[in-house]
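Below you'll find the structure, written out as structure tokens, and then a few comments.
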Amino acid sequence: MCWLSTARGECLENSILPPMALRYRRPHELTYNWRLMRIAATADLHFSAQSYSTIQDQFVKVRDEADLLLIAGDLTNYGQPPEMEMLLNALVRLRLPTVAVLGNHDYESGQECELQRMMAAAGIKVLDGTGYERDGVGFAGTKGFVGGFGRGVLTAFGEREVKVFVQAAIDEALKLERAMSQLRTTKRIVVLHYSPIACTVMGEAPEIYPFLGTSRLAEVIDRHGADLVFHGHAHRGALEGKTTGGVPVHNVAITLLQRQNPPALYRIFDV
Ligand SMILES: [Fe+2]
Ligand SMILES: [Fe+2]
């Protein structure tokens, strides 16, 4: 019996392919990973006219350091198209594939659809309950929502207003479920704006934890499995944590990265 074969049943056990370059996806399917993808991850740029030169000058290095830029929401401060237009002017000059989700600030002016259209026109892959595969790496993303963590998750009980609020969190979890089920890659990255775990919001005031994310998102992640999760929104949270299923979660809010030593605008991950 041949243990190493293509989807068409061709035996590769005696092929000249280097063994370390082979990764099993399904028992009879193969993915070839010749090199790692280097991802620069950041979030919460809150872009405004005043921050244009910072983005323009300091982000220029990312082109040499990464294969892909990932932005986990809050690209703009007030969700206004002119803010996005200026940010896109800076981002397109990086000439780097970019994957992003929107954040709550990008919804502030009710023009999120226009922002998404502008980003797509500039070549940015905007994930909104959708998946995207590039060079053998799958990205599943959605904004996420608030609602609390663990035993503190708000449930749909009582007033109609509470049920509507909770339904928004459930809808985002369902969007993530749909996005993750679209991926066919072995490497799977989840991109959110809100946190799926409490651990990476610690550092913020405990009173606002329920407004920084919800573990409804983590339940989906653990059910489908992922290699890494990125989020932002918790500007004063913690850098790293794990879901109960053991999936690493990284808070890449730029304010948090700027407080590290040395301060950074993004973190680099090899996947
Ligand atoms: Fe933010
Ligand atoms: Fe936010």
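The values are calculated or read from the model by the stated rules, or taken from the named source; none is laboratory data. Since this is a predicted model, take the numbers as computed values, not measurements. FYI the Cβ positions are ideal-geometry reconstructions off the backbone, even for glycines, and counts take in every protein chain you see.
Name the residue, out of Ala140, Ala156, Ala122, that is in contact with a Leu (Cβ under 9 Å, 6 or more places away or on another chain) and farther than 12 Å from Leu75 by Cβ.
On inspection, the qualifying residue turns out to be Ala140.
Can you list residue pairs whose Cβ atoms sit under 6 Å apart, with the first residue in region 34-57 being touching a residue at least 24 places away in the same chain (Cβ under 8 Å) and surrounded by 23 or more Cβ atoms within 10 Å (Cβ to Cβ) and the second being among the acidic types (Asp, Glu) and not in a helix (DSSP H, G or I)? Count only pairs 6 or more apart in sequence or on different chains.
Asp44/Asp74
Take the conditions within 16 Å of ligand 1 (Cβ to nearest atom), modelled with pLDDT of 90 or more and either of a type in the set (A, V, I, L, M) or over 22 Å from the mean Cα position of the chain (by Cα) (or both) and apply them to Leu70. Does it pass?
When the stated conditions are applied, Leu70 passes them.
At pLDDT 95 or above, of a type in the set (A, V, I, L, M), in contact with a strand residue (DSSP E or B) (Cβ under 9 Å, 6 or more places away or on another chain) and surrounded by fewer than 22 Cβ atoms within 10 Å (Cβ to Cβ): is that true of Ala156 in this structure?
It is false that Ala156 is at pLDDT 95 or above, of a type in the set (A, V, I, L, M), in contact with a strand residue (DSSP E or B) (Cβ under 9 Å, 6 or more places away or on another chain) and surrounded by fewer than 22 Cβ atoms within 10 Å (Cβ to Cβ).
Just to be sure I understand the filter: pairs with C-beta atoms under 6 Å, separated by 6 or more residues or on different chains, first member in region 81-96 and in contact (Cβ under 8 Å) with a residue 24 or more places away in the chain, second member charged (D, E, K, R). Which pairs pass?
Pro81/Glu114; Leu94/Arg63; Leu96/Arg63
Looking only at region 96-122, which residues are in a helix (DSSP H, G or I) and either among the hydroxyl-bearing types (Ser, Thr, Tyr) or away from ligand 1 (no atom under 16 Å from the Cβ) (or both)?
Once the filter is applied, which keeps residues that are in a helix (DSSP H, G or I) and either among the hydroxyl-bearing types (Ser, Thr, Tyr) or away from ligand 1 (no atom under 16 Å from the Cβ) (or both), region 96-122 yields Tyr107, Cys113, Glu114, Gln116, Arg117, Met118, Met119, Ala120, Ala121.
Could you look through region 63-75, keep only residues that are touching a residue at least 24 places away in the same chain (Cβ under 8 Å) and in a helix (DSSP H, G or I), and pick out the one that is surrounded by the fewest Cβ atoms within 10 Å (Cβ to Cβ)?
It comes out as Glu65.
For the structure I just gave you, tell me whether Thr255 is polar (S, T, N, Q) and touching an Asp or Glu at 6+ places or on another chain (Cβ under 7 Å).
yes
Out of (1) assigned to a helix (DSSP H, G or I); (2) aliphatic (A, V, I, L, M); (3) in contact with a strand residue (DSSP E or B) (Cβ under 7 Å, 6 or more places away or on another chain), the odd one out for Val60 is which?
Answer for Val60: the failing condition is (3).
Out of all the residues in region 251-271, which are within 16 Å of ligand 2 (Cβ to nearest atom) and part of a strand (DSSP E or B)?
Across region 251-271, the qualifying residues are Asn251, Ala253.
Would you please name the residue that is farthest from ligand 1 (Cβ to nearest atom), looking only at residues in region 183-210 that are surrounded by 15 or more Cβ atoms within 10 Å (Cβ to Cβ) and more than 24 Å from Ala238 (Cβ to Cβ)?
Out of the qualifying residues, it is Thr186.
Please verify whether Ala226 is out of contact with any Lys or Arg (no Cβ under 9 Å at 6 or more places or on another chain), at pLDDT 95 or above, surrounded by 17 or more Cβ atoms within 10 Å (Cβ to Cβ) and of a type outside the set (Asp, Glu), treating the condition exactly as stated.
No; evaluated as a whole, the condition is false for this residue.
For region 216-234, indicate whether the set of residues that are more than 19 Å from Gly103 (Cβ to Cβ), outside any helix (DSSP H, G or I), away from ligand 1 (no atom under 16 Å from the Cβ) and touching a Ser or Thr at 6+ places or on another chain (Cβ under 9 Å) is non-empty.
yes
Any idea how many residues of region 196-249 are among the hydrophobic types (A, V, I, L, M, F, W, C), farther than 27 Å from Arg184 by Cβ and more than 14 Å from ligand 2 (Cβ to nearest atom)?
The total comes to 6.
Can you name the residue in region 41-57 that is part of a strand (DSSP E or B) and more than 16 Å from Val92 (Cβ to Cβ) and, of all such residues, is nearest to ligand 2 (Cβ to nearest atom)?
Of everything passing the filter in region 41-57, Ala43 is nearest to ligand 2 (Cβ to nearest atom).
Could you give every pair whose Cβ atoms fall below 7 Å, whose first residue belongs to region 151-165 and is among the hydroxyl-bearing types (Ser, Thr, Tyr), and whose second residue is outside any loop (DSSP other than H, G, I, E, B) and surrounded by 12 or more Cβ atoms within 10 Å (Cβ to Cβ), counting only separations of at least 6 or pairs across chains?
Thr155/Val166
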